[in-house]
Structures are given as structure tokens and as C-alpha cells.
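Below is one structure; the comments refer to it alone.
Every number in this text was worked out from the coordinates using simple rules, so none of it is lab data. Everything numeric in this text was worked out from a predicted model, so none of it was measured. Note that we place each Cβ from the backbone using ideal geometry, even for glycine, and neighbour counts take in every protein chain shown.
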Amino acid sequence: MVENPLKWTCSTVEKELESRGYDYLKVTARGTHIVIYTEEMGEKVNRSRLTKLKGDTFMLGMADHKGTWESTPFTGTISELVAMLTEQFPFVLTKW
């Protein structure tokens with residue numbers, strides 16, 4: 001099995017989130033996405049995802065209350081998007 005090249009970026013995202021106090025969030029790579037999720041009552045609950053575009057640019061996506069992915073117009077680096085998530089959209093990352 002080929003390892004997802006974004007796997008290494010997951011630890012960067014996790015560290016960025018932890019440094020902002022979001023130590024309960026988990027991060028994994030799926031295809032071209034870095035998925036941020038929580039585990040609620042034994043189930044994975046999607047919160048947000050960063051989709052790889054070109055170079056070090058990603059697009060921000062957010063899960064709705066049913067876990068369905070919603071696109072956003074926001075793009076940037078990992079650091080920029082994690083800052084945006086935690087500062088402008090903290091409700092997306094809140095535990096239920």
C-alpha cells in the first residue's frame with residue numbers, strides 16, 4: 001500500500017491546532033484532503049478539511065451538522081487556514 005504524501009502534513013496541522021488549545025481534535029489524510037475530526041461517543045465526526053491545490057496552497061471545507069462537506073471560497077497555506085478556522089469559525093471545531 002502506498003502511503004499518502006499528506007500524512008506528514010497532518011502532524012503540522014495537529015501541532016498548529018494543539019498550540020491554539022484544540023488538543024481534542026484528530027487529523028488524518030484521505031486522498032487529497034487533510035481531515036480534521038473529533039471522536040464523539042465512539043464515532044468519527046467530521047469538522048473541517050483542507051484540500052490540496054497547488055504548491056503549498058489548500059482550500060478550506062467545513063462539515064455541516066450531518067457531516068456533509070461544504071465548500072468555502074477560502075484558500076491559503078496550512079497556517080493561514082488553521083488561523084482562520086480557530087479565529088473566525090471556532091464553532092466548526094467545538095465538541096458536541
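Side notes on the structure shown:
- For the chain, fraction of C-alpha pairs farther apart than 21 Å, in %: 24 percent
- In order through the stretch 35-44: 3J(HN,Hα) via Karplus (6.51 cos²θ - 1.76 cosθ + 1.60), integer Hz, x for Gly, Pro: 9, 9, 8, 10, 10, 10, 6, x, 10, 7
- GNM result for the chain, Cα springs below 10 Å: residue of Glu70, Glu80, Glu40 fluctuating most strongly: Glu40
- Relative contact order of the chain, defined on C-alpha pairs under 8 angstrom at six or more residues apart (%): 20 percent
- Thr68 paired with Trp96, simple spin-label distance in nm, labels 7 Å along Cα-to-beta-carbon: 1.6 nm
- Directionally averaged projected area (the stretch 19-63, Cα convex hull): 3.8 nm².
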